[in-house]
Structure formats: structure tokens, C-alpha cells
Protein chains: 2
Amino acid sequence: MTGWLTGVVWTACALTLSVGCTRQGTGTTGPQIKWGLVLHGGAGTIDRTQLTPQLETEYRAALTEALQAGYRALRDGGASIDAVVAAITILEDSPLFNAGRGAVFTADGINSLDASVMDGATLRAGAIAGVTDVRNPILLARLVMEKSPHVMLSGSGAEHFAREQGVPSTPKEWFYTERRWKELQDAKAAEAKSGAATIVNRQEKFGTVGVVALDQAGRLAAGTSTGGMTNKKWGRIGDSPIIGAGTYADGRCGVSGTGWGEFYIRNVVAHDICARVEYQGTSLSQAADEVVLVKLPTQEKDTGGVIAMDHDGHIAMPFNTSGMYRGWIGAEGTATTAIFRDK
Amino acid sequence: MTGWLTGVVWTACALTLSVGCTRQGTGTTGPQIKWGLVLHGGAGTIDRTQLTPQLETEYRAALTEALQAGYRALRDGGASIDAVVAAITILEDSPLFNAGRGAVFTADGINSLDASVMDGATLRAGAIAGVTDVRNPILLARLVMEKSPHVMLSGSGAEHFAREQGVPSTPKEWFYTERRWKELQDAKAAEAKSGAATIVNRQEKFGTVGVVALDQAGRLAAGTSTGGMTNKKWGRIGDSPIIGAGTYADGRCGVSGTGWGEFYIRNVVAHDICARVEYQGTSLSQAADEVVLVKLPTQEKDTGGVIAMDHDGHIAMPFNTSGMYRGWIGAEGTATTAIFRDK
């Protein structure tokens, strides 16, 4: 399919998702690409009354820039893992998303960053949790994968590893954004008023970023990066740095999630989607829909969404919230972005 | 089946596992119980030339004590999660196992403890990573599940949560064992000699502990606790506190893993076994064998083992190392323990 036709089919289906998308064949239809990438910039309560036209333009521009960066990495035969890291680096450096520069603040008023990557062709993976001074957590996650015998490093130990690998300490000011600071103050005010911990704010955009890429050699890779939840406490680790929960890729399927991390961990969301594809023989779209639109909503409302791609280039982007920043780009090089249910 | 008959069938099959166990029906046979628990105390290079008769007796006594503690929790109608926590608490307090009191030392000469629990009936879960001063990490993991909105807490934040929950700080001396301290010195000496990081010692017994329990109401639960790997660095987090990797339970299937954590994370081992049972319709034994005896060995030798149980009380305990401390107890109350391939 061409990107244009694909977009039309997918948009038509997304429109019907709010009332239950019509199943076509073995699953809801999504775009199919030869090679390329799909990404998200977070799911949550995102509607046109909240998002000014200017801000919408900024979001779409950032998503497009990230898609193009990933595309350039793939165009000349680069590996899917390179595209994942290139695109996420752009999103981390944007103050718009809850990752890297735009990360939310913990209850202690710091930015605590989590990220993970997985190379589907080799099942190698790297992840970091609770890092406070690394500008691009996704680059550090890749270094864990490639330069350590471990998969997951945390806290000051992970920062120590970063220094050993020549990754400099980034000043805390880099991560400060007025919007996120205000969100923390609002959460603390609500907490003081209610007397109960207000860690999860359903109205917030979760804002995690993630990418799944398929390169010209047919290799899948996935990655996710986040600042977690506003006002989080006690060294909480969400799903983003957990292989199987927020990120997973194998030879057949790749997934990155965004949403209420606790539900993604308990449901091992990313791996569950790929396991359904592999063991049930269902389409990627159907597997992703079953988990995001059926299983998660039985447990809690508005938990989030995923992006997913299989080794044939089928793309799925279901979400059970009102919106999800998302986009994809195929071999023809046309970036398509969407935010709301309809586009 | 009775416990005795079950034991004979299982032992006969375990004997043949080293040369490929004969498949009976859709999988290798294991014991089946009405309700009860199965546990492990770690997999690794465990053979009769290394284990003195006295030490073997001590291991079997500790495994039996843990099985009986779990049994008592279930006998009067208690929940499977109570049995998991009761049994693991015994193993954590024993200096024999790499969890709680007998935990190995990190490169920094401290004990860094990880644990997780999951309640299959509700899909609720709790986990802690990198805690240094909590005597029974499994109790703290349960508190995370029941008293916080989160699934996973880490480092000093998790210790802060422990204090808020009234869990006292345990002096570091409690965790010191001469044997584990010597293991660290040996690892450091080998590292100095080779000039390379000696984090993974294939000759070591991994020693993680874990339990899967099935209560009289048919509810499954699973839990795992560990000190990680000797000489570990950079705040490494292994599979034990990761839901889906080292621990997983749902309504149909529960698993706890023990072994080389990085491979368990990358293969999402615990969830993969349960996904095969649910989506492929294979038996628990076959699913566990496929992952532990087929999939993992294609990536690396001697990666470890798992214990698993389904909601019909079928038990599987495959391992690809020379031994695994393990045992089970059913409704009749007879504890059975095993260490080597044959018993």
C-alpha cells in the first residue's frame, strides 16, 4: 500500500475505535510499510479543547523531525536499532515530551529518567532506571546493551557506568521546564488538600516516548524513554525500562508502550502482544487491540496505548485514552502524524 | 496421584532429562498436587563432589522447613500469597541461600537485595530492587503490592518506603556470611588477574529462592528473592524483581526463575512459559521444558531453571544446569526435596 492509502484506511478505522473498531479479517487494519518506523510521544487525555493550534503544530513538527531522523538512519541500510535511538534522541531533546529534557518531576523535585532498547534480531537489550543526569537516557540504555554484561542498571550505579563510558553529567537545569514544575506543584497542592498521595493524575498526558523500527534487512528493534509520573516517590520504577512490559522486540514483533506503567508491568504488555502473535497466530493489529482495547480496560480506564510493528511491516497503534501522539514513516519517506482519535 | 507415586514418576523422568527426557503426552511428566507449593533455592553447578553430606542435609532441612511453613499457611484455607511469603521468609533467613541473610556481595562489598511477588488471581504485584537493609525483602515486596500504588520500588526510595511502613533497618552484620565474602574476594582476585570484569562466575550456585503456591480456592501466586550476582556493579538489576522475567502468576499459571538473570529478562522467561500454556494450549511441563531446555540453551549454556505450577496443580521444575535446590509439598503434607538431577 502507499502511505497515502494506508493513512486513509487507518484513519477511518481509528475513527471507529471509540465505539469499537470494526474488525477486518483477523484484526483492525493499520498501515503497512516495507521498512521504516512508528513512534509515540505519549497517550493520555489529549483533546482539541486543551491543545492550542500552535502547540499542536509544535507537537507534529517534533514527531515529524523524529520520524525523519529515524528514516535517515534506515535509508542507507542502517540497522533498526540505530533508527530507534536516532528518533528517541530527538524526542528526548524536545521539551514537549515526558522524556529527557521535558521529563516530569518526582516528589523530591528531581527528574528521574528511565529508558530501554531491545534488538529483536539478537534478543539483546539494555535498560536504565532512575538516572538523573544523563541528557539522552536512550543512548545510555544502548551502551548498557553493548558495553556491559548486564541488561538493566539503576540509580547512581548507572550514572557511574555512564561516566566510565564517557557520557558526561548533564546539569539539572537542562531538564527543567516550567510546565512540568507547575504540574508537580499542582500535584502537591492536590495531595495536601486531599491528604492522600496524588501520584497518578488521570488528566495528565503520560508523555513517554517510544519507537519501533524495521530496517531493510527485516530486523525489528524497539525502544522507550520516560521521566515517569509526576510526584512519583520511593524510587518507583515504571514499565518503560522493563523488557517485556514497556519495550519488547524479537524476530517477528516489536512493541513500545505508553501509559499507566503499573498496569503495563502487571500485564507484561509488550511481550503479551508479541506472544499472542507468535503463539496464537493472530495478526499484530488484533493482538495489540486485544491487550490495549479489551484486557487493560477490564482492569482500569484510560491506561494508555502502544505502538507495534511486525516483521512484515504491519503497524498497530491502539490506545484506550482520548489521544496519543504518534506517527510513522515508510520506505517512500512521507511522515504521517496523528494526535487525536481521528487524526 | 499420591505424593509418593508422583515422586517416583517425576524422579524417573528427571533421571532421563540429562539425555533428553522422554515426552509423555504433551510434555515431560511432573508431580501433580491438589493444593500446595513448589520452591527452588537456586540452580547452578551443584554436584556430589562439591556438596558434603552434612551440607546436603542442611540444604534439605532448610527446603523442608520452608515447604512446611508454606503448607501451614495453606492448610487452614490461607491464600497462596501467604504461603509464598511464609516459605520465602524461611529461605531468606537461612544463610545457605543467596537471598536475605546469605546474599552475595556486590563489587562495593554490600548486599543488594531484590524480590518480587505476584498474586495470580488479581494480577497484582509488588517488587523491590537494590535494597540493602531489609531482613526479608519478600515482605517488603508484598507491602509494595498492598500499600503503595506502585509495582516496583528501588534503592534508598524503597528503604524510605520500608520505614514508612514500619519495617526496621536491619544491621549490615545480619547479611554477612564468611562464605559469600570469600566468594567476592575470589571474584575480585580473578578480575585483577584477568584484567576483565568477572561478574558472572559459571561455577557459582546462583542461589536465588522462589516459590509458586496453589491454595485450596485454586488461586496461584509466585514470588522470588535474591542477592543477585557476586561482584555485580553499577546498580545492576537482575530478573528476580522483574514481573514477567523472574516472577509471574495469573489465573492459570505461576513461575519463579533462578539463573543468569540477563537471559531471563531478555527472554521474559516467566511470562513466556505462561503465555505458551495459555495461547498454545500446551501442558505446563512442555512449555517450561521448551523455554528452559530448548530456547535458553540455544543462547547460552547453564543459564538456570524454573519452578512452575498450573491451576490444576501440575508442577514443572526443569533446569539446564547440573543441579537445582528444589522441593514441593501437596495436600497430604509430605515434603519432597531434590538437589541433583536424580533426586
Could you put B:188, B:343 in order of accessible surface area, largest first, with the 1.4 Å probe and the full protein assembly present?
B:343, B:188
Position residue B:185, label points 7 Å along Cα→Cβ, spacing to each other copy in nm (shortest first, one decimal)
5.7
So which residue, out of B:45, B:208, B:224, gets the largest mean-square fluctuation from a GNM of chain B using Cα contacts under 10 Å as springs?
B:45
Nearest-first distances (nm) between copies at residue A:58, label 7 Å from Cα via Cβ
6.4
Rounded to the angstrom and largest first, Cα extents along the principal axes for segment B:216-276 equal 42, 23, 14
I'd like the mean, over residues of B:141-148, of how many other protein chain beta carbons sit within 10 Å of each residue's own Cβ.
1
Take the solvent-accessible surface of the protein heavy atoms, probe 1.4 Å, and return the percent of it on chain B that carbon and sulfur atoms account for.
52 percent
Expected integer from the mean partner chain Cβ neighbour count at 10 Å over B:158-166 is 2
I want to verify a result. In a Gaussian network model of chain A, Cα cutoff 10 Å, which of these has the top mean-square fluctuation: A:260, A:234, A:35?
A:234
In terms of solvent-accessible area of protein heavy atoms at a 1.4 angstrom probe, what is the ranking of B:300, A:65, highest value first?
A:65, B:300
If you take the Cα Rg of segment A:28-325 and divide it by 2.2 N^0.38 Å, with N the number of residues, what do you get?
0.92
Residue-level accessible surface for residue B:147, protein heavy atoms, 1.4 Å, Å²
120 Å²
Using the heavy atoms of the protein chains alone and a 1.4 angstrom probe, what is the accessible area of segment A:218-311 per residue in square angstrom?
20 Å²
Copies compared at residue B:110 - label distances in nm, ascending, label defined 7 Å from Cα in the Cβ direction:
1.3
About its Cα centre, what dipole magnitude does segment A:28-325 give when the only charges are +1 on Lys and Arg Cβ and -1 on Asp and Glu Cβ, stated in debye to the nearest 20?
300 debye
Over segment A:131-187, relative contact order from alpha-carbon pairs under 8 Å, at least 6 apart, %:
43 percent
Could you pull the accessible area for residue A:243 with a 1.4 Å probe, rounded to 10 Å²?
0 Å²
Within 10 Å of each Cβ in A:258-268, the average number of Cβ atoms from other chains:
5
Note to self: C-alpha centroids of segment A:166-182 and segment B:125-160 sit apart, in Å, by 28 Å
So for segment B:215-316, using the alpha carbon gyration tensor with a ≥ b ≥ c as root eigenvalues (a/c under 1.5 gives rounded; past that, a/b versus b/c decides prolate or oblate), I'd call it oblate
Restricting to Cα pairs under 8 Å and 6 or more apart, the percent relative contact order of chain A works out to 26 percent
Please report the net charge: other residues with Cβ closer than 9 Å to the Cβ of residue A:279, K and R +1, D and E -1.
0
Would segment B:25-163 count as rounded, prolate or oblate if I go by the C-alpha gyration tensor, calling it rounded below 1.5 in a/c and otherwise prolate when a/b exceeds b/c, oblate otherwise?
oblate
Just check segment A:105-236 against the gyration tensor rule for me: Cα atoms, a ≥ b ≥ c as the square roots of the eigenvalues, rounded for a/c under 1.5, and otherwise prolate or oblate depending on whether a/b exceeds b/c.
prolate
SASA check, residue A:191, accessible area w/ 1.4 Å probe, all protein chains in place, rounded to nearest 10 Å², comes out at 40 Å²
Between A:58, A:173, A:92, which gets the highest mean-square fluctuation from a Gaussian network model of chain A, Cα cutoff 10 Å?
A:173
What does the convex hull of the Cα atoms of the protein assembly as shown come to per residue, in Å³, rounded to a whole number?
147 Å³
At a probe of 1.4 Å, how much accessible area disappears from chains B and A on forming the pair, both sides counted, to the nearest 100 Å²?
3500 Å²
Per-residue accessible area, 1.4 Å probe, largest first, puts A:328, A:181 in the order A:181, A:328
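The values are calculated or read from the model by the stated rules, or taken from the named source; none is laboratory data. It should be emphasised that the depicted structure is a prediction, and the values quoted were computed from it without experimental measurement. Reconstructed Cβ throughout: ideal geometry from the backbone, glycine too, with neighbour counts over all protein chains shown. Just the protein is used for accessible areas: all its heavy atoms, side chains included, with ligands, DNA and RNA removed. Shrake-Rupley method; radii C 1.70, N 1.55, O 1.52, S 1.80 Å.
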